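Visitor: Sharing a structure below in structure tokens format, with a few things to ask.
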Amino acid sequence: MDEYDVAVVGGGPVGMWLAAELHRGGVRPVVLERRAERPPYSKALTIYPRTVEQFAMRGLVDRWLAEGTPVPSSHFALMKNRLDFSFLPTRYPFTLFLPQRRTEELLEDHLAELGVPYLRRHAVTGLRQDEVGVDLDVDSPGGPVVVRAAYAVGCDGATSVVRAAAGIDFEGTPDTWRTILGDIELADPPQAPALTLNQPGGSMYMVAIGGGRYRLAVIDHATLHDPLDKPATFGELRASALRLAGTDFGMRETPDAWLSRVGNAARQAARYRAGRVLLAGDAAHIHYPAGGQGLNLGLQDAANLAWKLAAEIRGWAPPGLLDSYQAERYPVGLDVIDDSLAQCGLFANPTREGVALRDRFNAILGTHPSLCRELAVRLSGLAIRYPAPGQLPLPGQRAPDLDLRVGPSATLFGVLPPARFVLLNLGPAAPAVPDGYADRLDTVTAELARDPGEFAGVRAMLIRPDGYIAWATAADDEPPLDTWLGHAF
């Protein structure tokens, strides 16, 4: 079998987005997927604003917007007082609901457009690494083979073979309770596209997923501690809905209904890198899907890792760049895990104290808009920022889709599809750029077309391939290209 620059193990959304970004970074990935075909059900369906922005930065967002259901709010711990997203500083101030299966189909189509190989029925069973590469043992349709790559990235889920083979511990706590979720048809659905209920006996969440089907998740205190291996049944889901909502919304038990139990295990890989083996997505972290944050967390892992790994392979990465993947993404993963645990503490505590705490927190949300706004910004993914030096507060934060005046009207995201660094010159004099960076840097000179807000006085910005600001200046300083882009060739 051919050698590759990166073997991406696991062909779910995280693995496919990583492979696409690696390809844009100028290296040769291959996706190894153990399953023969995609499951008919969808584990995830929630896409938050920062993830929508990622698709927009690559010119792909219309594919998701054409099919997803936008809802201008979300929730914290399934509280009745919802979090308004309409104020968020983005072109996409909403939660976009689209079943994971459809996201996977869109991503696989995109990989085909790029020419990235996606190999089904290729199950990785082990690996060995040396100073220059990784050998992966693969069960393929033609029998056992060895795939050689410079690096391997495990995007193969909570039971990651790659993580185990690399000797990376998965630290945290196991399941102690489980809840039921399902995708079902409803004859008498609620009027709103999303419904949140929080009662003394538990909580329930429902959202339309298209085709007359709804995702229904119940946290029923009466069944929380049923045996962990007890199969989920339609009757149990209906009984929980009746207990919590007083109605079953006309549930129909159809052959294609999907039911599953979801546990509260919370674990994180002790490290995201072991030599030439790295982890992303559920292989690096798992948590109860409170707020549906897992898919977004994994896709953002992929966006952060891809350009750094491509830079390392192509030989221009400055020292420590690849290790910054762990430094930047581990704290974000831990924050999401803690956020999920906090929500579980509010909606999965059946004691009198737990019910009182939930009721009090819901009342606080209803009377403190500033708290709702803070939670909304955090959940949206727009608040993520990475440590970065500089006198201005901008470095480390995401670059919004600024309106630019460059000949015809344009936006910042419109210049980001190539997934290279962008030096955005906003001042009268453009900083000098040495020769030798054309393969990894685009230079754009423009004016801001609208009220500059926090960007008032900024003369230039260096924007990373993943859309975060690496450097900004209000003077005529030269950009620290060697710090971020290594030496010119």
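The values are calculated or read from the model by the stated rules, or taken from the named source; none is laboratory data. Quick caveat: nothing in here was measured; it's all calculated off a predicted structure. Don't worry about glycine lacking a Cβ; one is built from the backbone with ideal geometry, like all the others, and counts go over all protein chains shown. Keep in mind that these areas ignore ligands, DNA and RNA; they rest on the heavy atoms of the full protein, side chains included. Shrake-Rupley method; radii C 1.70, N 1.55, O 1.52, S 1.80 Å.
Visitor: Could you check how many residues of the range 104-128 are more than 11 Å from Val30 (Cβ to Cβ) and touching a helix residue (DSSP H, G or I) at 6+ places or on another chain (Cβ under 7 Å)?
Guide: First, the residues of the range 104-128 that are more than 11 Å from Val30 (Cβ to Cβ): 104-110, 112-115, 120-121, 123-128.
Within this subset, residues satisfying the condition of being touching a helix residue (DSSP H, G or I) at 6+ places or on another chain (Cβ under 7 Å) are 104, 106-108, 110, 114, 124-127.
Number of matching residues: 10.
Visitor: Which of the strands (runs of 3 or more DSSP E) contained wholly in the range 395-489 include at least 3 residues that are more than 25 Å from Ala310 (Cα to Cα)? Talk me through it step by step, then tell me what you get.
Guide: On the way: elements: 403-405, 409-411, 421-425, 441-445, 460-463, 469-473.
Output list reads 403-405, 409-411.
Visitor: Could you tell me whether Leu181 is closer than 22 Å to Gly345 by Cβ and of a type outside the set (Gly, Ala, Ser)?
Guide: Yes, satisfied.
Visitor: What is the residue count in the range 440-472 for residues that are free of Cβ contacts under 8 Å to residues at least 40 places away in the same chain and open to solvent by 40 Å² or more (accessible area, probe 1.4 Å)? Reasoning before the result, please.
Guide: Step one: filter the range 440-472 for residues free of Cβ contacts under 8 Å to residues at least 40 places away in the same chain, giving 442-443, 445, 451-453, 456-457, 459-460.
So of that shortlist, the ones also open to solvent by 40 Å² or more (accessible area, probe 1.4 Å) come out as 443, 445, 451-453, 456-457, 459.
Residues flagged as free of Cβ contacts under 8 Å to residues at least 40 places away in the same chain and open to solvent by 40 Å² or more (accessible area, probe 1.4 Å) within the range 440-472 amount to 8.
Visitor: Checking Ser380 against (1) in contact with a Gly (Cβ under 7 Å, 6 or more places away or on another chain); (2) at pLDDT 95 or above, only one condition comes out false. Which one?
Guide: (1)
Visitor: May I pose another question? Identify, from the list Arg178, Arg148, Arg163, the residue that is surrounded by fewer than 17 Cβ atoms within 10 Å (Cβ to Cβ) and either in contact (Cβ under 8 Å) with a residue 24 or more places away in the chain or under 30 Å from Val71 (Cα atoms) (or both). Give the steps one after another, and end with the answer.
Guide: On the way: Arg178 fails: surrounded by fewer than 17 Cβ atoms within 10 Å (Cβ to Cβ); Arg163 fails: surrounded by fewer than 17 Cβ atoms within 10 Å (Cβ to Cβ).
Checking each option against the conditions leaves just Arg148.
Visitor: Which condition from (1) at pLDDT 95 or above; (2) open to solvent by less than 20 Å² (accessible area, probe 1.4 Å); (3) farther than 20 Å from Arg385 by Cβ is the one that Ile337 breaks?
Guide: All conditions pass for Ile337, except number (3).
Visitor: Would you pick out the residues in the range 275-312 that are over 14 Å from the mean Cα position of the chain (by Cα) and open to solvent by 10 Å² or more (accessible area, probe 1.4 Å)?
Guide: Correct list: Gly275, Arg276, Tyr288, Trp307, Glu312.
Visitor: Tally the residues that are within 22 Å of Trp307 (Cβ to Cβ) and either at pLDDT below 95 or of a type in the set (Val, Ile, Thr) (or both), restricting the search to the range 117-169.
Guide: 4
Visitor: Follow-up. Please tell me if Ala269 is hydrophobic (A, V, I, L, M, F, W, C) and in contact with a Gly (Cβ under 9 Å, 6 or more places away or on another chain). Even if it seems obvious, please write down each step before you answer.
Guide: Working: hydrophobic (A, V, I, L, M, F, W, C): yes; in contact with a Gly (Cβ under 9 Å, 6 or more places away or on another chain): yes.
Criteria met by Ala269.
The rows are residues; the columns are (1) open to solvent by 10 Å² or more (accessible area, probe 1.4 Å); (2) under 24 Å from the mean Cα position of the chain (by Cα); (3) at pLDDT below 90.
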site: Ile184; (1), (2), (3): no, no, no
site: Pro189; (1), (2), (3): yes, no, no
site: Gln199; (1), (2), (3): yes, no, yes
site: Gly210; (1), (2), (3): yes, yes, yes
site: Asp226; (1), (2), (3): yes, no, yes
site: Arg238; (1), (2), (3): yes, no, no
site: Gly250; (1), (2), (3): yes, no, no
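Visitor: Working only within the range 370-429, note down all residues that are within 19 Å of Gly453 (Cβ to Cβ), surrounded by fewer than 16 Cβ atoms within 10 Å (Cβ to Cβ) and among the polar types (S, T, N, Q).
Guide: Gln391, Ser409
Visitor: Continuing with the same structure: Within the range 346-360, which residues are in contact (Cβ under 8 Å) with a residue 12 or more places away in the chain and open to solvent by less than 50 Å² (accessible area, probe 1.4 Å)?
Guide: The answer is Leu346, Phe347, Ala348, Val355, Arg358.
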